[in-house]
Amino acid sequence: MSLKIGSLKRSIWVYHLACSPCNNCDIEILDVLTPRFDVERFGIVLVGSPRHADALLVTGMVNRQIKPRLQEAYRQTPKPCVVFAIGSCAVSGNFFRRSYNMAGPVDRVIKEIDPNAIVVYVPGCPPKPEAIISSVVKAIKFLDNLKKKKVKV
Amino acid sequence: MPILYYLVFPGFVFVSVVGLLTAWFDRKLTARVQWRKGPPILQNFYDVIKLLTKEVVIPESANPTIFLLAPAIALSASVLVATMLGIYNMNYNASFVGDLIVLWYLLTIPSIMIILGASASGNPLASVGAEREINQLFAYEFPMIIALCVVIFRVGSISIGKILEYQAANGPILYSVSGVLAFIVVLFALQAKLGLVPFDIPEAETELGAGIFMEYSGAALGAFKLTKAILLYISPVFLITLFWGGIKVHGLGLLWAFLKYILIIVIMTLLRNTNPRLRIDQSIKYFWGWMTLISIIAFILMRVGY
C-alpha cells in the first residue's frame, strides 16, 4: 500500500481536459510544462491518453455538452487518480454559475459518479503557474496523509 | 542454472535495473539539452512501480486475451535476447550455429507484439499506429539485414561466438570502412526499432495521442515501458557485440565496454533531440533509399577487402 502511494506521488502523469474553458487556464498549464518550470524534476509528465494518467487537469465551467464526456474520461482513468480543478470556473463556476448551460463545477460533476474522488482546487483567473505547482504539492501532502492513516485508495 | 541466468543475471533483474537506469540517463541528457534540470535518478523505477500497482482497464472493444498477452510476450522475448547476448559475451563457447538469426527473430517479437496488442485494443488511433509500426518494421529490417550480412560474410559464420572470436583475433569489425557504414545503418535501424524520435511515428503523441499504447494502462503499460527500457539496453550491447569487439568481463575490458555503451547511448539521445519526427513515407524512403544504398556500398567494400 505504501509502495503504491509512494511511487504514485513521485510520478504523476497528467492528462489535460479542457471542459469549455476560455483557454486562459490552458495556456497557464502549458506554461507549467515548459523548461522554465521543469516539472519533470518531480516526475510530472504530460501524457496523451487518460488511460496513462494519474491526474486529470480540468479547466473551465463544465457545460451540459461536456459533462458526460468529463464523467466518461474520469471513469476510463485507472484508479487511484486525482482531479485538479484549475481556475475559478472549474472551482466554483465563477460568473457562469447562473448560466443556462452550466452543469455544475467540476467537483460536483465528478462526485456524482464517484463520491470518494480526490479533487484539488486551484482558484485564480487564471491561476499562475506557481499556484498550480503549489496545488500539486498540496495533493502530494494529501496522498502522504493517506499513507500515514493507511486509507485504502 | 539456465533459469537463474534468465531470471537474475544476465537476465531479467539485471537488465531491468540497467535498462531503467539507461532510460533515466536518456531523460536526464534530454533535459540538459533543453536547459532543464531533469528527473531524479530513480524516476523510471517510480514510473514502472506505479504502473505495476495501478488498475488495468480493459476496453469493451478489446480482445482481452491478446490484449493482455502481448505485453507479457514482448517482455519475455526482450529479456531472452538480453540474456543470450550477456551469456555469449561471458562465454564464447555457449554460442550455437545460427544464433544470430534466432536473436534477430526474437528482436522483432516486441514490435510484432506491439502491433498485435494495438490492433486487439479496438481503438482507431491505436490501429493507425499499428499500421505505421508494420510499415516501419518492413522499412528498417531490409537495410539492417544487408548490414548484418557485412559482418556475417566477413567472419564467415552466423554464430555470435565465432564473430566474437574473430574480433578477438583480428580486431573489431568497426575499424574498417565497411564496418563503419554497416554500424551506422544498424544504429539507425535500432533507433527505429526503439521508436526514438526521428522514427517515433507509430507513437506520435502529438498527432495520435499515444498511438499504439493508447488503450494500455496499469501493469500492461508498465510491461511495455520495461520492454522499451530493456531494448534500450539491448541495442548498444548488440552493436558492441557485433561490431566493436564485444564486452570483455575482466579487468579493463569492463571499463571500455561501459564507455562504449555510454557513447552509443549519447549518440542515440542526441539524434533524438536534434531531429524532428519524420512522416511515415519519409521514413520508408529514408530506409529503402539512403540506408539500403549505404548498406549495399558497405557490402561491396567488404567483398573488395576494405
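The values are calculated or read from the model by the stated rules, or taken from the named source; none is laboratory data. All values derive from a computational prediction rather than experimental measurement. Because the Cβ atoms are built from the backbone with ideal geometry, glycine has one as well, and the counts that use them run over all protein chains shown.
Can you find even one residue in the range A:80-87 that is at positive phi and in contact with a helix residue (DSSP H, G or I) (Cβ under 6 Å, 6 or more places away or on another chain)? The answer is yes; a qualifying residue exists. Filtering the range A:24-57 to residues that are assigned to a helix (DSSP H, G or I), more than 15 Å from the chain's Cα centre (by Cα) and within 12 Å of another protein chain (Cβ to nearest Cβ) leaves A:39, A:40, A:41, A:42.
With respect to the conditions (1) part of a helix (DSSP H, G or I); (2) within 14 Å of another protein chain (Cβ to nearest Cβ), residue B:215 lacks only one, and its number is (1). Out of A:130, A:72, one residue alone is of a type in the set (Asp, Glu), closer than 20 Å to residue A:44 by Cα and at pLDDT 90 or above. It is A:130.
Mind checking which residues of the range A:58-90 are touching a residue at least 60 places away in the same chain (Cβ under 8 Å), in a loop (DSSP other than H, G, I, E, B) and touching a Ser or Thr at 6+ places or on another chain (Cβ under 7 Å)? A:87, the sole residue that qualifies.
Taken together, the criteria exclude residue B:31 from residues that are within 18 Å of residue A:52 (Cα to Cα) and touching a Gly at 6+ places or on another chain (Cβ under 9 Å). Residues in the range A:74-93 that are more than 14 Å from every other protein chain (Cβ to nearest Cβ) and β-branched (Val, Ile, Thr) were compared, and the one that is farthest from residue A:127 (Cα to Cα) is A:83. Please verify whether residue A:124 is within 18 Å of residue A:18 (Cβ to Cβ), within 14 Å of chain B (Cβ to nearest Cβ) and in a loop (DSSP other than H, G, I, E, B), treating the condition exactly as stated. Taking the combined requirement at face value, the residue does not satisfy it. Only helices (runs of 4 or more DSSP H) whose full extent lies in the range B:1-98 are considered here, and the ones with at least 3 residues that are surrounded by 20 or more Cβ atoms within 10 Å (Cβ to Cβ) are B:12-33, B:43-53, B:64-90. In the condition set (1) touching a helix residue (DSSP H, G or I) at 6+ places or on another chain (Cβ under 7 Å); (2) of a type in the set (Val, Ile, Thr); (3) surrounded by fewer than 18 Cβ atoms within 10 Å (Cβ to Cβ), residue A:77 is compliant with all but (3).
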